[in-house]
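The values are calculated or read from the model by the stated rules, or taken from the named source; none is laboratory data. Remember, predicted model here, so these are calculated numbers, not experimental data. All Cβ positions, glycine included, derive from the backbone under ideal geometry; neighbour counts span all protein chains shown. What goes into the accessible areas is simple: the full protein's heavy atoms, side chains included, and nothing from ligands, DNA or RNA. Shrake-Rupley method; radii C 1.70, N 1.55, O 1.52, S 1.80 Å.
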Amino acid sequence: WMAVTDRLKRLIPGRIIGVSVDAAGRPACRLAIQTREQHIRRERATSNICTAQVLPGIVASMYAVYHGPHGLRQIAERVHHLADTLATLLAGAGCTVSTDPRFDTVFVSGDGVDVSAVRARAEEAEINLRYVDGGVVIALDERSDMDEVRALAAIVSGAAAGQPTEVADSLDGLRRTDAVLTHPVFHSHHAEHEMLRYLNRLQGRDLSLTTSMIPLGSCTMKLNATAEMIPITWPEFAEIHPYAPADQWVGYREMFDRLEAQLAELTGFAGVSLQPNAGSQGEYAGLLVIRRYHEARGDGDRDICLIPTSAHGTNPASAVIAGQRVVAVACDERGNIDLEDLQAQASKYADTLASMMITYPSTHGVFEEGVQRACEIVHEAGGLVYMDGANMNAQVGLCRPGDIGADVCHLNLHKTFCIPHGGGGPGMGPIACTEALAPYLPGDPVSGKDAVSAANYGSGAILPISFMYIDMMGADGLRAATEVAILNANYMAARLRPHFGILYTGANGRVAHEFIMDLREFKQSAGIGVEDVAKRLMDYGFHAPTMSWPVAGTLMVEPTESESRQELDRFCDAMIQIREEIRRVEEGVWPQDDNPLVNAPHPVQDVVSDAWAHAYSREDAAYPLSWVRERKFWPAVSRVDNGYGDRNLICTCPSVADLAVEG
């Protein structure tokens, strides 16, 4: 997480939650300002963030909710006192201890201390310390106690620890006196049962894969099997520091090596780096590899990046962040890269062409037949090809980026390879590349050489998920998953084609693993926009597909291989019924300004209200199809005011004092 002043709020990367209101004036939260802005602003975007580390952030926030400001201060005071006590013991034993203000960390200078001997004693006691600048750094936390403090003092000083003399507070003058965590949520859930109930209430508002399919195109929301998830809870994976001595994580290293080899085989490349923490960071890292390659060859002036309009939405922003200048390449009427325009642009910028970023299958949901020729055109002009791995779920076991002609690609382990990523994280976006590019893969973060993350293996603790998935599926299983994903998309497209336009198809009328439904005609015929359809799907118990990207006024659907035919049919039935609802508006049965679509979604508060003056029935609003009754998911709020949420980024909820007065 990061915080900025109000002046910089429109430049901050990532996501901001704005506090808005719904149609009835109820509080409602939404992603504000730069929601999907990288897809809209493209090379002018200030962020290429697609997957962030939100789920670990939620864990941290729930820690604050449970303990509250008083509990957190108590924990901090205790840890700080232990650090000051350790410093006092070490100083009393003749060690040179830093007198700078400290919170939880003590620095012992190498003056008068044999650092090698300290290290030997610490490792014998199975304690890892940090050795830097000729001294020893010791960090304590809330699991530390006085026994640990005495043991550390003895290890560092080489003598048995005595009793501490009076412990001076090293934070005098720096202590906060203002109120922190004033929102009522940090004062309400300190008993375990209350915390449990609070978490369960939040979970009940979350439409997840436990409820229904999430057909987000380009996001690949597939099954995250329990068998894949369990290993990340094992302490052998969960409690190892990323900079622990190498002999303490031999098993981790074996898993990393095997996973790298598996990904190399699946992509057709020679080198793999597991360091990038997200797909967007993988894009950035891949472009840095290309830049370093050109620089090493004396071609540092190559900075043009060709990006077809069919590429993944974060690509232009990633190119700009990596220091490249973006030149757009047109697509033809079928959504394919216009090879003539590509040839013209490659020739025009032949002296400065660094790369081309492509997505395959394209973001239009089509296997482009000219992709190999596109790669050849770029190579002939001296550039390299970066392939976005967002749609790798349509390639695994069937074709490989390296064989197609790409030079580097990233892989969304949080999509194709089953790491959960709903709500924005955690993500892993490793990159794979040719043998020629392998020397320029991200380096060691400790030395600071060409690193893109703070740890060599990024979010290494979640890599067991993808490792388990690949190992359990095997070659035949992975290939079958890809085939079923493509089959499912084509089945749904075939069912929906009589009711909605399918915007792009291949030469044989087929789509890849996703497809785009064209809803633009309904704005003219019924005053119904794509957002109305997306909101209405909530009344049927579905998350909307990807809306208005890559084409405004459309929905992009990706079913994945994880969904049964029954679930595919339920979604198709919902969309077909929505088409019938639009027809009723077109025919004048329902007015354009009062129908279930423009008023969607319908929370239970509205449906059971005594006031119901709509032109349609409550049953039409809440139970549009019979099976909805058995598996109803109630939206928490009605239509959210988007503009209000952009203007109100900070929650102005009542303070604890205000609530006490009102109560």
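Ligands, DNA and RNA aside, Arg334 has an accessible area near 100 Å² when probed at 1.4 Å.
Using a 10 angstrom Cβ neighbour count of at most 16 plus a DSSP loop assignment to flag exposed GluC sites (Glu not before Pro), which longest range of the chain is free of such sites? Result for the longest clean stretch: 436-586.
When the solvent-accessible area of the stretch 264-362 is split by element, carbon and sulfur atoms take up 42 percent of it, the probe being 1.4 Å. Taken per residue, the accessible surface of the stretch 578-620 reaches 50 Å², heavy atoms only and a 1.4 Å probe. Rounded, prolate or oblate: which fits the stretch 128-254, taking a ≥ b ≥ c as square roots of the Cα gyration tensor eigenvalues, rounded meaning a/c under 1.5, else prolate when a/b beats b/c? Since a/c reaches 1.5 but b/c is at least a/b, the shape of the stretch 128-254 is classed as oblate. Among the trypsin sites (Lys or Arg not before Pro) found in the stretch 190-292, those both in a DSSP coil and sparsely packed, with 13 or fewer other Cβ atoms within 10 Å of their Cβ, are Arg205. When all protein chains stay in place and ligands, DNA and RNA are ignored, the 1.4 Å accessible-area order of Trp234, Trp249, Trp1, largest first, is Trp1, Trp234, Trp249. Among rounded, prolate and oblate, which fits the chain when a ≥ b ≥ c are the square roots of the eigenvalues of its C-alpha gyration tensor, a/c under 1.5 means rounded, and a/b larger than b/c means prolate? Oblate, because a/c is 1.5 or more while a/b does not exceed b/c. Counting only protein heavy atoms and a 1.4 Å probe, the stretch 291-434 has 30 square angstrom of accessible area per residue.
For Asp257 and Leu199, the FRET efficiency from 1/(1 + (r/R0)^6), where r spans their Cβ atoms and R0 equals 60 Å, is about 0.95. For the stretch 460-580, the carbon plus sulfur part of the accessible surface works out to 51%, probe radius 1.4 Å. In the stretch 303-405, Cα pairs under 8 Å separated by at least six residues give a relative contact order of 29 percent. The largest-to-smallest principal axis extents of the Cα set in the stretch 71-134 are 39, 26, 20 Å. Each Cα pair under 8 Å and six or more residues apart adds its sequence gap; the mean of these over the residue count of the chain is a relative contact order of 17 percent. For Lys222, the lysines whose Cα falls under 19 Å of its own Cα, not counting residues fewer than eight places away in the same chain, are Lys415. Note on the chain: dipole from Cβ charges, positive end direction compared against Met255, Asn642, Met221; the farthest Cα belongs to Asn642. Bridging of Lys632 to lysines at a Cα separation below 21 Å is possible for Lys535, once same-chain residues fewer than 8 apart are set aside.
Counting only protein heavy atoms and a 1.4 Å probe, the stretch 142-279 has 58 square angstrom of accessible area per residue.
Placing a pseudo-label 7 Å from each Cα along the Cα-to-Cβ vector at Ser188 and Gln592 gives an inter-label distance of 4.2 nm. Protein-only accessible surface at a 1.4 angstrom probe places the residues Thr505, Thr560 in the order Thr505, Thr560, largest first.
Using C-alpha pairs below 8 Å separated by at least 6 residues, the relative contact order for the stretch 75-178 is 36 percent. Carbon-plus-sulfur accessible fraction, the stretch 141-184 (probe radius 1.4 Å, protein heavy atoms only): 51%.
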